[in-house]
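Remarks on the structure that follows.
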Amino acid sequence: MVDFAGRVLGSAQFPASALATASFWLRWDQRSKDYTERRTKEGLSKKEIVCCLKRFVACEIFQFLTTTNAPAASLSRLTVAA
């Protein structure tokens, strides 16, 4: 459902999950470690770097949802054979 401003309703958990994903990436993903090192040298704070990573997480999720048939696949699992 979308409200009058075009925001998706029911997505209040996304900011927390994006933060958890960004934190995971900072700890385990080599690309994120390299990115953090480069941006720290450029003068960004850890908070600003995490904000950038959260934005990247959102873009990755949006791209996945819009380029795959994930909703159609999940709906096909909900159908019950009579």
Quick check: residue separation of T67 and L44 times 0.36 nm, minus the Cα distance between them. What number comes out in nm? 5.0 nm
Using DSSP to define loop residues, name the GluC sites (Glu not before Pro) in the stretch 10-52 whose beta-carbon has at most 16 other beta-carbon atoms within 10 Å. E42
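Each reported figure results from applying straightforward, stated rules to the coordinates on display, with no laboratory input. Note that the structure is a prediction, hence the values are computed from the model and not measured. For neighbour counting, all protein chains shown are included, and Cβ atoms are generated from backbone atoms with ideal geometry for every residue, glycine included.
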